[in-house]
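The values are calculated or read from the model by the stated rules, or taken from the named source; none is laboratory data. The structure displayed is predicted, hence computed values, not measured ones. FYI the Cβ positions are ideal-geometry reconstructions off the backbone, even for glycines, and counts take in every protein chain you see. Quick note on the areas: whole protein, heavy atoms, side chains included, nothing else; ligands and nucleic acids left out. Shrake-Rupley method; radii C 1.70, N 1.55, O 1.52, S 1.80 Å.
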Amino acid sequence: MGDLKQFKKPRNSKKMKDKTVRSSSFEHHFDQQLDALREAGNYRVFADLERQKGAFPKASRHDDDGRVSDVTVWCSNDYLGMGQHPNTLAAMTDALNKCGAGAGGTRNISGTNHYHVLLEGELADLHNKPAALLLTSGYVANWAALGTLASRIPNCEIFSDGDNHASMIEGIRHSRAPKHIWRHNDVAHLDQLLSEADPAVPKLVAFESVYSMDGDICPLAEILDVCEKHNAFSYLDEVHAVGLYGPRGGGIAEREGLMDRVDLIQGTLGKAFGVMGGYITGTKSMVDFVRSFASGFIFSTALPPALAAGARASIQHLKISDMERMRQRRNVQKLRERLDALGLPHMPNDSHIVPVMVGDAKKCKYISDLLLTNYNIYVQPINYPTVPKGTERLRITPSPMHSDADIDHLVGALSELWSQCALSRAVA
């Protein structure tokens with residue numbers, strides 16, 4: 001047959017050189033931007049952790065050199081440890097054995113599974129609403145719902161709390177609707193902005209119940225009063241409240257007896273419920289409207305049935321069990337008291353989130369690194385752009401599973417590091 005090598009085309013060396021030049025120019029840009037993050041102390045390094053079944057909040061840390069060590073996690077959003085609960089795991093295992101791994105496609109084509117339908121019914125019941133819609137994450141739920149509602153309601157204007165989450169901001173931006181930013185939790189400012197708007201224009205007010213970085217809680221009743229005064233649609237993000245507040249874990253709106261006054265409640269399955277996914281609840285027509293027009297729902301592969309089954313089991317458990325919530329509140333209170341006793345600065349709030357304030361990005365990362373390497377304590381630094389510069393912090397989330405010994409070890413480590421770093425004058 002002869003030597004096939006003679007038929008190979010010669011390489012185009014000029015074309016390859018041009019491609020290398022273009023690639024290197026992009027790489028230079030990437031490296032510059034990453035170096036700037038490192039210099040500012042805002043470069044994020046992921047800890048290689050492996051959650052230990054049945055041992056939450058313990059995890060195994062894998063070092064670069066191959067060593068494995070046990071650490072205590074203090075910054076998980078699995079607030080109640082439901083990702084390890086036997087009911088959750090049993091439901092997921094059963095669904096996995098029945099249905100296999102994936103959903104098979106988008107909900108519109110081939111991905112709607114009976115577990116999705118059951119979960120949506122559970123969520124509607126949780127929030128005392130006629131309907132619910134399951135999406136792939138809390139981020140997607142906000143982006144899809146806000147982007148769809150504000151873009152498809154003619155002449156709609158959005159009034160957004162100044163501290164709203166990035167997912168809400170992206171949904172609002174995607175809608176291209178006129179927006180007005182009201183000062184964080186400032187009801188009088190919201191009232192003023194709504195009063196200045198055209199009374200005939202549809203208005204949507206978007207805000208959260210528990211704000212995840214400062215841990216403060218919105219004045220829900222007062223906000224709803226203003227919404228009703230101006231006939232505005234109320235959009236409430238309860239991501240950091242569902243499972244944690246209210247007699248059945250329905251969030252701040254349930255705790256305050258105000259669920260019936262909120263037009264749309266959005267939540268997540270990935271925090272207190274311990275699994276994954278996002279959702280919205282409200283009237284049948286509104287939920288069907290988002291289902292029918294939101295690209296983030298229409299074109300996304302559905303959650304695996306096992307995740308839906310696990311989330312449903314977690315919700316069902318927390319509807320009837322208050323033990324996890326009570327233990328968590330006890331640990332939050334104990335941690336705050338121990339921090340106060342040693343003069344360690346933390347931001348006061350009425351929620352389960354304990355922000356220990358550092359006020360400097362590099363020092364915040366330095367403390368976080370030392371906690372992990374010297375004390376086997378894992379708590380990530382929270383820096384810009386998640387929080388404003390100068391307010392860097394360690395965001396600590398006590399769980400029901402943290403022991404008194406865990407709390408003492410954390411506070412002792414923080415006290416030693418505060419003394420070593422002489423942070424008292426630099427702390428916000």
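Tell me, please, whether a residue that is within 30 Å of ILE298 (Cα to Cα) and polar (S, T, N, Q) can be found in region 168-179.
Yes, that holds for at least one residue.
Is it true that VAL262 is under 21 Å from GLY83 (Cβ atoms), among the aliphatic types (A, V, I, L, M) and in contact (Cβ under 8 Å) with a residue 12 or more places away in the chain?
Judged against the criteria, VAL262 is not a match.
I'd like to verify a number: residues in region 320-370 that are assigned to a loop (DSSP other than H, G, I, E, B) and of a type outside the set (D, E, K, R), how many?
The total comes to 13.
Among what's in region 411-426 and is modelled with pLDDT of 90 or more and either open to solvent by 60 Å² or more (accessible area, probe 1.4 Å) or among the aliphatic types (A, V, I, L, M) (or both), pick the residue that is farthest from the chain's Cα centre (by Cα).
The residue in question is GLU416.
Of the residues in region 229-258, how many are open to solvent by 10 Å² or more (accessible area, probe 1.4 Å), part of a helix (DSSP H, G or I), under 18 Å from ASN185 (Cβ atoms) and touching a residue at least 24 places away in the same chain (Cβ under 8 Å)?
Adding up the residues that qualify gives 1.
What are the residue pairs meeting all of these: first residue in region 82-107, first residue closer than 20 Å to GLY54 by Cβ and touching a residue at least 60 places away in the same chain (Cβ under 8 Å), second residue in a helix (DSSP H, G or I) and open to solvent by 60 Å² or more (accessible area, probe 1.4 Å), Cβ atoms under 8 Å, and 6 or more apart or on different chains?
These pairs meet every condition: ASN87/GLN316; ALA91/ARG312.
Within region 117-134, is there a residue that is open to solvent by 30 Å² or more (accessible area, probe 1.4 Å) and of a type in the set (A, V, I, L, M)?
The answer is yes, given that some residue of region 117-134 is open to solvent by 30 Å² or more (accessible area, probe 1.4 Å) and of a type in the set (A, V, I, L, M).
Being surrounded by 18 or more Cβ atoms within 10 Å (Cβ to Cβ) and not in a helix (DSSP H, G or I) is the filter here, so list the residues in region 76-101 that pass it.
SER76, ASP78, TYR79, LEU80, GLY81, HIS85
Testing PHE46 on (1) open to solvent by 70 Å² or more (accessible area, probe 1.4 Å); (2) under 22 Å from TYR378 (Cα atoms); (3) touching a residue at least 60 places away in the same chain (Cβ under 8 Å), one condition comes back false. Which one is that?
(3)
Which residue pairs have Cβ atoms under 8 Å apart, sit 6 or more places apart or on different chains, and have a first residue in region 267-290 that is touching a residue at least 40 places away in the same chain (Cβ under 8 Å) and a second that is among the aromatic types (Phe, Trp, Tyr)?
These pairs meet every condition: GLY267/TYR279; THR268/TYR279; LEU269/TYR279; LYS271/TYR79; ALA272/TYR79; GLY278/TYR139; VAL290/PHE297.
Of the residues that make up region 343-358, is at least one in contact (Cβ under 8 Å) with a residue 40 or more places away in the chain, among the small types (Gly, Ala, Ser) and touching a strand residue (DSSP E or B) at 6+ places or on another chain (Cβ under 6 Å)?
Yes: one or more hits.
Go over the candidates ASN185, ASN164 one by one and state the one that is in a loop (DSSP other than H, G, I, E, B), open to solvent by 30 Å² or more (accessible area, probe 1.4 Å) and at pLDDT 95 or above. Give the derivation first.
Details: ASN164 fails: open to solvent by 30 Å² or more (accessible area, probe 1.4 Å).
Answer to the check: ASN185.
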